[in-house]
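Here the structure comes first, spelled out in structure tokens, and everything after it is commentary.
The values are calculated or read from the model by the stated rules, or taken from the named source; none is laboratory data. These numbers were taken from a predicted model, which means no experiment stands behind them. Note: ideal-geometry Cβ built from the backbone for every residue, glycine included; neighbour counts use all protein chains shown.
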């Protein structure tokens with residue numbers, strides 16, 4: 001009998017698919033990621049993250065992914081959803097090599113589902129790719145390390161060889177190719193983040209608080 005009978009999937013209002021999320025503090029996102037440090041990250045700015053029910057599912061998910069039942073439990077729950085697409089990490093990220101290996105195993109168990117996995121952990125991803133390949137049903141989208149900047153070319157050159165694609169952010173609305181980050185309506189029928197043919201997704205840094213925090217961050221680091 002599973003020690004993890006409760007649901008571990010979230011259903012964000014603006015993303016038309018279920019997600020598996022982790023706490024940004026437990027996974028080290030806030031301390032490691034420039035988006036977290038500058039408080040531009042949408043998770044850091046989201047008051048919903050403080051709801052008791054949200055905190056409870058993130059705690060359950062943390063316990064699950066650090067258990068030997070993660071692959072079996074999550075495979076079963078995603079299969080039960082009868083879906084075509086799934087996203088890992090509308091909050092959180094990989095936090096060690098084992099977490100990547102477990103998540104990829106879930107993806108391999110469900111070859112008919114397309115998975116989108118955004119990550120900023122270029123270090124862990126590089127280590128994983130030394131001995132492993134990305135399954136054909138998985139799109140790993142490596143995030144730019146700093147808000148409103150492009151990914152360094154040497155990183156692109158290395159990761160493109162392994163089938164990794166990319167995402168960046170911008171304060172220039174004319175450079176954006178993600179409509180949801182502009183109009184706030186959500187993904188709707190857009191699937192470019194799941195599609196590896198879209199080599200780079202460009203998101204708009206939206207929200208007055210995020211834009212203000214980015215301005216302060218740039219002023220301190222100029």
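Scanning region 15-35 for residues that are over 23 Å from residue 107 (Cα atoms), modelled with pLDDT under 90, in contact with a helix residue (DSSP H, G or I) (Cβ under 9 Å, 6 or more places away or on another chain) and surrounded by 12 or more Cβ atoms within 10 Å (Cβ to Cβ) yields a total of 3. Does residue 199 satisfy the criteria of being under 22 Å from residue 38 (Cα atoms) and touching a strand residue (DSSP E or B) at 6+ places or on another chain (Cβ under 8 Å)? Answer is no for this residue.
Scanning region 113-134 for residues that are surrounded by 17 or more Cβ atoms within 10 Å (Cβ to Cβ) and assigned to a loop (DSSP other than H, G, I, E, B) turns up 113, 120, 121, 134.
Residues to consider are 174, 222, 191; find the one that is surrounded by fewer than 18 Cβ atoms within 10 Å (Cβ to Cβ) and under 23 Å from residue 11 (Cα atoms).
Checking each option against the conditions leaves just 191.
Checking each residue in region 80-112 for being over 23 Å from residue 133 (Cβ atoms) and in a helix (DSSP H, G or I) picks out 80, 81. Summed over region 163-210, the residues that are in a helix (DSSP H, G or I) and over 25 Å from residue 19 (Cβ atoms) give a count of 4.
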